[in-house]
Each structure stands twice: as structure tokens, then as C-alpha cells.
Amino acid sequence: MVIFEEKPVSLQSGICTIFKTAISQYIMLRVILLTDLSEEYAKNLLKGIVRYSNRHEPWVLCKMPLSYRAEHAVEGVLAWAKKWKADGIIAQFYNTDNVSVFRENGIAAIAQDFKLRFTEIPNITGAHKETGWMGADYFIRKGFKNFAFYGFSGIVWSFERCEGFLEEITRHHLEKNFYEYRNTDFKELWYYETAPLAAWLKILPKPVALMACDDNQGHHIAEVCKQCGIKIPEEIAILGVDNDEAVCSLSSTPLSSVNQAVEKGGYETARLMEMMIKNPNASYDDVVIRPTHITTRQSTDIYATADKYISIVLKYIHQHTNKKLRIDDLTRLVPLSRRLLETRFKQETGMPVHTYITNLRIERFSHYLLETDAPITEIVDQTEFSDYKNIARQFKKIKGCTPSEYRIRNSI
């Protein structure tokens with residue numbers, strides 16, 4: 001793959017002309033990537049695109065900065081694309097942009113989620129409601145009874161994550177304890193006003209589980225909490241989305257976050273782009289990026305229960321998911337009988353002890369499936385399950401598919 005930063009270097013005569021002729025015979029596709037490559041999301045998209053290119057015929061990518069669009073508008077981007085003889089463009093477009101002009105000029109175009117989805121061209125979007133469901137379920141299993149969401153109005157990935165978050169809370173009959181803050185004055189994703197946000201955070205009932213629409217907004221919450229003396233995670237537990245490690249580590253309290261199969265999405269985007277170029281008159285579906293799992297850091301490292309004995313038991317369970325845990329092991333931690341422990345545990349978590357442990361271990365097992373290339377039998381041994389048939393049965397019951405199918409579904 002050959003990558004140009006903004007403009008292809010002008011080729012000189014002689015040797016350079018020969019080089020240009022040789023490379024033009026070898027190159028399959030010329031694609032412009034108009035996005036913010038300082039963000040981890042865009043970097044992972046690019047990784048997936050590169051992987052697809054490496055497995056097929058090579059591409060030439062022009063990494064066009066967003067400043068070029070801001071300065072020259074979509075018409076200027078089109079002019080450059082035509083001059084460069086681009087086959088396609090993958091871009092963060094404004095919804096006011098006339099994106100149809102690319103297709104009219106023989107250039108395939110795919111929009112990266114920015115504010116709202118396009119109908120004229122395919123989108124790289126997300127299963128945003130699923131992300132919200134995952135965040136809510138994560139907090140509910142930690143025993144929270146109060147919930148909040150911080151995001152933007154008029155941005156599809158924000159309000160759909162909020163919808164999913166609220167839907168899952170409602171399914172557990174906890175919707176009366178839900179609070180939302182929408183930054184309606186959308187300017188840039190980095191922008192937030194401290195005073196109104198601080199006032200909202202102060203009046204939230206504590207402890208509260210707060211999901212932010214992405215990691216940047218989660219960082220904003222953490223910074224305002226620091227300024228206001230609000231303890232993280234004791235008073236407010238914060239969960240972001242995208243697992244951008246640079247952003248998640250910015251705060252003094254590292255941020256937990258939802259992972260997404262973005263690199264797989266980049267791979268599927270490249271596949272879609274190739275199909276669109278080969279068959280420009282066909283209609284195509286969006287590329288949908290799904291959430292995979294949650295990386296827990298200090299911002300959510302707490303179990304929200306007023307029952308101090310159940311809190312001790314929960315903490316022990318989460319710290320020892322790699323061991324075979326029995327009820328008798330847990331009763332030794334607290335001055336409760338087995339029956340009383342089981343009763344109070346179910347009251348606090350909504351599920352029996354055995355079910356809670358199984359769900360937690362399956363979640364940990366699914367992390368290994370996505371984060372390592374180890375054979376499934378090795379992962380079974382590491383997670384102390386009795387045998388593969390047992391975990392496959394439990395895994396399918398919870399995840400709706402076998403471990404092998406789950407790994408294939410969420411990887412390239």
C-alpha cells in the first residue's frame with residue numbers, strides 16, 4: 001500500500017515517469033480517507049482497510065485532513081478527487097454536504113458516522129443501541145440503582161446509545177432512577193461547559209452509574225468531578241465508549257470503556273468499497289460495527305450495594321473469576337449462613353450466586369476469545385471451566401452462539 005499525506009508528490013521525468021507507469025499497472029484502487037486519524041476509532045478503521053488491501057490487490061490511500069474539507073468544502077474535495085483520479089472516498093461528511101456528486105462523477109463514497117446517517121450513500125455506523133444495552137447491563141450487574149447518560153442531541157451515535165441504555169434499565173424496572181444530560185449546543189466534540197455540567201452532576205443521587213456517549217465525553221465528566229470534589233467511582237462510576245487508551249488514561253482515575261469491533265468494520269468497509277467500484281449502480285447496505293466487551297478500569301471498579309457483606313462477596317467474586325468458586329468459599333468471607341447469603345445476594349443483584357458467577361466467567365471467557373489468538377481449549381483451561389462441552393453450552397445460552405462462532409463474528 002502507498003499512502004499520500006495530502007497531495008501526491010509530483011513525479012519528475014525520466015526514472016520517475018518509468019516508476020509512475022510501473023505502479024499504475026500494479027495498483028488496483030485509489031481511495032481518499034477523509035477523517036481524523038488522531039482518534040483511535042479512525043486508526044482502527046484504517047488497520048482494517050489495510051488488512052483487506054494486504055489480502056487482496058494493493059490500494060493507494062490519500063490521507064486527506066479534515067482541514068481540507070473545512071477550507072475547500074465538499075466541492076473542493078471532489079475537485080481534488082477528480083484531479084487525483086480517485087476511485088472512492090471514505091469520509092466524515094457534514095449532513096449538509098451534497099454527497100451525491102461523488103457518484104455522479106464516478107467516485108464511490110462511504111460516510112463515516114459523524115452526526116446523522118445518510119440515505120444517498122452507505123454509512124459506516126454502529127449497533128449503537130446494543131452498546132447502550134451492554135453499558136446498562138454492566139452497571140446493573142454491579143448493583144447500581146441510579147443511572148445517568150451524558151451525550152449530545154442530534155448525533156445518531158449519542159442518542160441511540162442513550163436509547164439502548166434506557167431500554168435496558170427499563171427492562172429491569174429502574175427507569176424512574178434515570179437522568180440524562182444532553183449538550184444541545186453542539187460545536188465540537190471537545191467542547192463542554194463546566195458550570196451547567198457540574199450543577200447536574202452535583203444533584204444526581206449517589207452512587208450513580210453514568211455512561212458517556214464516548215470516551216471524550218467520559219473524560220469531560222471525570223475532569224468536572226475532579227474540580228467539584230466528586231469521588232470516582234465511589235459517588236459516580238463512569239463508562240465511556242471506544243476504549244481509546246490514550247483518552248481513557250488522561251484522567252487521574254482511568255476510564256472504563258466499551259470496546260467495538262472497529263478493525264473488523266474497516267475490513268468490511270474496504271470490501272464494500274471494492275464492490276461499489278466494480279458495480280457502481282447497485283444498492284448497498286451500511287457497515288455496522290458492533291460492541292464486543294467492556295474493559296474495566298478504576299472509574300467503575302466498585303460494587304454499588306448498601307449491604308456491606310454482599311459488597312465483600314461481590315468484590316471477591318470479581319477478583320477470582322479465574323478460580324472455581326463455591327458458595328462455601330463465599331460464606332467464609334462474611335458472618336452469614338449459606339441460605340441468608342443466597343437470599344441477600346439475589347436481592348442485591350437480581351440473580352442467584354451461581355448464575356452471577358457463571359455470567360461473569362462467560363464474559364471473561366469472551367474477552368479471551370477476542371483479545372488472544374489462543375486455541376479455545378487453552379482458554380477453557382485458563383478460565384477453569386470443567387470442559388469445552390460445558391462452556392459451549394453455557395456460552396450459547398448467554399451469548400446466543402458458540403465460542404467459535406463468537407470469535408469469527410467479531411474478528412476479521
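The values are calculated or read from the model by the stated rules, or taken from the named source; none is laboratory data. For clarity, every value in this text was computed on a predicted model and none was experimentally measured. For neighbour counting, all protein chains shown are included, and Cβ atoms are generated from backbone atoms with ideal geometry for every residue, glycine included. Protein only, heavy atoms only, side chains kept; ligands, DNA and RNA dropped before computing areas. Shrake-Rupley method; radii C 1.70, N 1.55, O 1.52, S 1.80 Å.
When restricted to residues that are out of contact with any strand residue (DSSP E or B) (no Cβ under 7 Å at 6 or more places or on another chain), within 18 Å of Gly88 (Cα to Cα), modelled with pLDDT of 75 or more and not aliphatic (A, V, I, L, M), the range 20-50 contains 3. Just one residue in the set Thr383, Thr349, Thr331, Thr358 is open to solvent by less than 50 Å² (accessible area, probe 1.4 Å), at pLDDT 90 or above, among the hydroxyl-bearing types (Ser, Thr, Tyr) and in contact with a helix residue (DSSP H, G or I) (Cβ under 7 Å, 6 or more places away or on another chain); that residue is Thr331.
Candidates are the residues of the range 124-171 that are within 17 Å of Gly350 (Cβ to Cβ) and aromatic (Phe, Trp, Tyr); the one that is most open to solvent (accessible area, probe 1.4 Å) is Trp133.
Across the range 297-309, not a single residue is classified as within 31 Å of the chain's Cα centre (by Cα) and over 22 Å from Ala237 (Cβ atoms). Report every pair of residues separated by at least 6 positions or lying on different chains whose Cβ atoms are under 9 Å apart, first residue within the range 338-355 and closer than 20 Å to Ile169 by Cα and small (Gly, Ala, Ser), second at pLDDT 90 or above and open to solvent by 60 Å² or more (accessible area, probe 1.4 Å). Between residues of the range 338-355 that are closer than 20 Å to Ile169 by Cα and small (Gly, Ala, Ser) and residues that are at pLDDT 90 or above and open to solvent by 60 Å² or more (accessible area, probe 1.4 Å), the close pairs are Gly350/His172. Filtering the range 126-159 to residues that are hydrophobic (A, V, I, L, M, F, W, C) and within 24 Å of Asp301 (Cα to Cα) leaves Trp133, Met134, Ala136, Phe139, Ile140, Phe144, Phe147, Ala148, Phe149. In the condition set (1) assigned to a helix (DSSP H, G or I); (2) open to solvent by 10 Å² or more (accessible area, probe 1.4 Å); (3) closer than 16 Å to Phe147 by Cβ, Gln227 is compliant with all but (3). Condition test on Tyr267, is it open to solvent by 50 Å² or more (accessible area, probe 1.4 Å) and either farther than 18 Å from Lys43 by Cα or hydroxyl-bearing (Ser, Thr, Tyr) (or both)? The answer is no for Tyr267.
Taken across the range 245-256, residues that are acidic (Asp, Glu) and either surrounded by 16 or more Cβ atoms within 10 Å (Cβ to Cβ) or over 17 Å from the mean Cα position of the chain (by Cα) (or both) do not occur at all.
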